[in-house]
1. Cβ contacts < 6 Å: first residue over 10 Å from Asp62 (Cβ atoms), restricted to segment 91-110; second residue hydroxyl-bearing (Ser, Thr, Tyr) and assigned to a strand (DSSP E or B), any location; separation 6+ or different chain. Result?
2. Could you check segment 27-44 and list, in sequence order, the residues that are at pLDDT 95 or above and among the hydrophobic types (A, V, I, L, M, F, W, C)?
3. I'd like to verify a number: residues in segment 68-79 that are of a type in the set (Gly, Ala, Ser) and surrounded by 15 or more Cβ atoms within 10 Å (Cβ to Cβ), how many?
4. Quick test for you: out of Leu30, Leu44, pick the one residue that is hydrophobic (A, V, I, L, M, F, W, C), assigned to a strand (DSSP E or B) and within 19 Å of Glu71 (Cβ to Cβ).
5. Sort through Asp51, Asp62, Asp82 and tell me the only one that's at pLDDT 95 or above and open to solvent by 60 Å² or more (accessible area, probe 1.4 Å).
6. Within segment 70-102, work out how many residues are farther than 26 Å from Ile114 by Cβ and part of a loop (DSSP other than H, G, I, E, B).
Amino acid sequence: MENNRIIYRDYNTLELVPTSHQIGEKKVLLSNSETISNITQLALNKLYANDKVDIHMHPTMDEHFIVVSGEGIMQINNENYDFKQGKFFLVPAGSYHNLSAITDIEFITISIAI
């Protein structure tokens, strides 16, 4: 793949697809097949009120979260954090985490292979 490839997308026109956890939906802005970087995925995600992503971990991937709107609870290694607009999270590879939506929430995820 060429290193100088420009990707330009309007995320308002992207199709919503199920998340890999089968909870909520996402619009994939960039996938690992489109870049030579360690990014495995960049996505705009939506969970709906009362959705819950079960506890899990990624052994070889850091996961970054940027909260755009809504309110929820992020649990990382048994510690709870407010998941609301303006918050940023880095969940390091090997960390157990889950996410519970109190209201509808939108957030950006950047997944990076380590």
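The values are calculated or read from the model by the stated rules, or taken from the named source; none is laboratory data. Predicted model only: the values in this text are computed from it and were never measured. Here the Cβ positions follow ideal geometry from the backbone for every residue, glycine too, while neighbour counts run over all protein chains shown. Each accessible area value is taken on the protein alone, full model and side chains, heavy atoms only, with ligands, DNA and RNA left out. Shrake-Rupley method; radii C 1.70, N 1.55, O 1.52, S 1.80 Å.
1. Final answer for the pair search is Glu106/Ser69.
2. Once the filter is applied, which keeps residues that are at pLDDT 95 or above and among the hydrophobic types (A, V, I, L, M, F, W, C), segment 27-44 yields Val28, Leu29, Leu30, Ile39, Leu42, Ala43, Leu44.
3. Residues that pass the stated criteria total 2.
4. Selected residue: Leu44, the only one of Leu30, Leu44 that is hydrophobic (A, V, I, L, M, F, W, C), assigned to a strand (DSSP E or B) and within 19 Å of Glu71 (Cβ to Cβ).
5. When all the criteria are applied, what remains is Asp82.
6. Final tally of qualifying residues: 4.
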